[in-house]
Structure formats: structure tokens, C-alpha cells
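Let me begin by presenting the structure, written as C-alpha cells, before commenting on it.
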Amino acid sequence: MYTTLSPCDMCTGACILYKLGRVVIGENKTFVGGEEYLKHKGVEVVVLENQECIGLMKKFIEEKPHVWNEDIGEP
């Protein structure tokens, strides 16, 4: 699976359920999800630390903090 951010708990579970062998993450500075659990379950986790992904998320959070906070469960 390729994803901009570290996978949330539900996506982490789906990766394990469907026996994905590798998850490639664009960046994990904005949000760290179930990376350690994936590794524990034998999934290869690759974090690219892609500057474009980091910039995209930074801009999104600055422009729409209410949407970001809702997505991550913050007030």
C-alpha cells in the first residue's frame, strides 16, 4: 500500500487483514499511526520522508485546521 501519511488504526488493520507485505509512507512527521504494529506483524514499513508530502500536509493543516482536527479526533 502507498499512502501519504502513516496509516490510521483502521487502515493498519486492513493491511494486516489483507496480508499486505509492504506499506510505503510518504511522511510520518504529521501523523504516526500503526507503523510499529505493522512491523510487529511482519509488514515491511518504508518511510520516504518526502518533502512534497510534508509540504502538502503542512499547507492543508494551516489552511483547514478544523478539518484536520476532526480527522484526527481533536477538538
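Restrict the check to the stretch 3-10 and report whether at least one residue is of a type in the set (Val, Ile, Thr) and either touching a His at 6+ places or on another chain (Cβ under 9 Å) or assigned to a helix (DSSP H, G or I) (or both). Scanning the stretch 3-10, I find no residue that is of a type in the set (Val, Ile, Thr) and either touching a His at 6+ places or on another chain (Cβ under 9 Å) or assigned to a helix (DSSP H, G or I) (or both), so the answer is no. I'm trying to understand the selection: among the residues of the stretch 27-49, which are within 25 Å of Ile61 (Cβ to Cβ) and out of contact with any strand residue (DSSP E or B) (no Cβ under 8 Å at 6 or more places or on another chain)? If the condition is that a residue be within 25 Å of Ile61 (Cβ to Cβ) and out of contact with any strand residue (DSSP E or B) (no Cβ under 8 Å at 6 or more places or on another chain), then Lys29, Val32, Gly34, Glu36, Tyr37 are the ones that fit. Among the helices (runs of 4 or more DSSP H) confined to the stretch 22-75, there are none with at least 2 residues that are farther than 20 Å from Met1 by Cα, touching a residue at least 12 places away in the same chain (Cβ under 8 Å) and of a type in the set (Ser, Thr, Tyr).
All of Glu63, Glu35, Glu44 fail the test of being modelled with pLDDT of 95 or more and crowded, with 17+ Cβ neighbours inside 10 Å, apart from Glu35. Look at (1) more than 22 Å from Lys58 (Cβ to Cβ); (2) modelled with pLDDT of 95 or more and you find that Val24 fails only one, number (1).
If the condition is being of a type in the set (Val, Ile, Thr) and touching a residue at least 40 places away in the same chain (Cβ under 8 Å), then the stretch 1-21 contributes only Thr4.
The values are calculated or read from the model by the stated rules, or taken from the named source; none is laboratory data. Please read all numbers here as calculations on a predicted model, not as lab measurements. Methodologically, a virtual Cβ is constructed for each residue, glycine included, from the backbone with ideal geometry; neighbour enumeration extends over all protein chains shown.
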